[in-house]
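The values are calculated or read from the model by the stated rules, or taken from the named source; none is laboratory data. These numbers come from a predicted model, not from an experiment. Note: ideal-geometry Cβ built from the backbone for every residue, glycine included; neighbour counts use all protein chains shown.
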Amino acid sequence: MRKIVHVDMDAFYASVEQRDRPELRGKPVIVSWSQEARGVVVAASYEARKYGVRSAIPATRAVRLCPEGIFVRPNFDRYREVSRQIREIFLRHTSLVEPLSLDEAYLDVTHELTGIPTATETAAKIRAEIRAETNLTASAGVAPNKFLAKIASDWKKPDGLFVIRPHEIDKFLLPLPVGRIPGVGRVTERALAEKGITTVAHLREWEKPDLEKHFGSFGDRLWELARGIDEHPVVPERESKSISCENTFSNDITMAEVKTFMTEAASKVWESIQKHRLAGKTVTVKLRLPDFTTATRRITFPDAVPDAEALAAVGVELLGRFSFPEDSKFRLAGLGISNFLHEHEEEEVREEKGQPRLF
């Protein structure tokens, strides 16, 4: 039986800003390039989250929700530097580290490198080392598999540790709302509710063939997760997959027209995301000039992008980070989402031009 730890930094980007700027501590910090109409929230401190501010919402909405919020421009070089520090701490304890983003990772500590006998003690030690060496806090979940460890890490946030032991799986899992299951978004949750399935206990009453009939291949996965089954190993080098929409235009288009395309692309990408029941944290925009010069810009959020509107807003926000001349025209534009929260649900999606496909 594996011993899996999922470590998730607490409000990572905002916490780094609060750590490095004492005047921000205890204040509602909103990380965003701008608080104007095109701005998008990258991250929010727990003080700001109390007002309903979340990553990927428009900055103007964040201002309405939290008028006292302090906007700070993101510093991704700094966040990556701190993330490397944290990764080094992980690697002291196990070589099996699967990063999901800058602020979270799965660790397989079945064979712990320092001799600590239990996964619970290892998780506690890692959290203590993170606090001592970075002056930041992390939450951790410990369980026999990745699915349960991921849920557990969120159970006592922030700065918490929660353990699901093998004999406690049913006691923990059965009362959970089905919305807590990876891949069950709002659409699937409503579809399950229409069949009287609102908790994991309800879901477990269904046979696998019946779930497959209604939910396709994901029905098989639902049957497994309802029983706490997840055989996916921690994979140190994950293949990065994304779902995207890009188009080579018959006539070169202006930046204003690219912005319009972002809304169309976001709609198509989101449709595919919903179809494959995915939730992604990294958004990428790709542009190509008539001379085939190509550039990309991307951003990774602490949480999954919530909807097509947010995805389009992030795409427009990223357009402002390119350094092309104002009068540039473009032969190709693309919008994609990746860094899926639950890697076992990732699927390559390749369709015809103008439809979702891999970059």
Of all residues making up the range 157-204, the number that are farther than 18 Å from Gly228 by Cα, part of a loop (DSSP other than H, G, I, E, B), without any contact (Cβ under 8 Å) to a residue 24 or more places away in the chain and charged (D, E, K, R)
1
Counting only residues that are more than 30 Å from Asp108 (Cα to Cα), small (Gly, Ala, Ser) and outside any helix (DSSP H, G or I), how many does the range 44-80 have?
3
Filter the range 137-156 for residues that are among the aliphatic types (A, V, I, L, M) and either surrounded by fewer than 21 Cβ atoms within 10 Å (Cβ to Cβ) or assigned to a helix (DSSP H, G or I) (or both); the one that is nearest to the chain's Cα centre (by Cα) is Ile151
Flagged pairs (Cβ under 7 angstrom, 6 or more apart or on separate chains; first in the range 62-90, closer than 19 Å to Glu317 by Cβ; second of a type outside the set (A, V, I, L, M, F, W, C) and part of a helix (DSSP H, G or I)) are Val72/Glu17; Pro74/Tyr13; Tyr79/Tyr13
Checking Ser83 against (1) more than 21 Å from Lys150 (Cα to Cα); (2) in a helix (DSSP H, G or I), which test does it fail?
(1)
Exactly one condition in (1) surrounded by 14 or more Cβ atoms within 10 Å (Cβ to Cβ); (2) under 18 Å from Pro236 (Cβ atoms) is false for Ser95; which is it?
(1)
Any residue at all in the range 322-330 that is surrounded by fewer than 18 Cβ atoms within 10 Å (Cβ to Cβ), in contact with an Asp or Glu (Cβ under 9 Å, 6 or more places away or on another chain) and modelled with pLDDT under 90?
no
If you check Gly39 against the conditions, is it in contact with a Pro (Cβ under 8 Å, 6 or more places away or on another chain), modelled with pLDDT under 95, more than 17 Å from Arg127 (Cα to Cα) and not assigned by TED's automatic domain parsing to the domain that holds Ala140?
yes
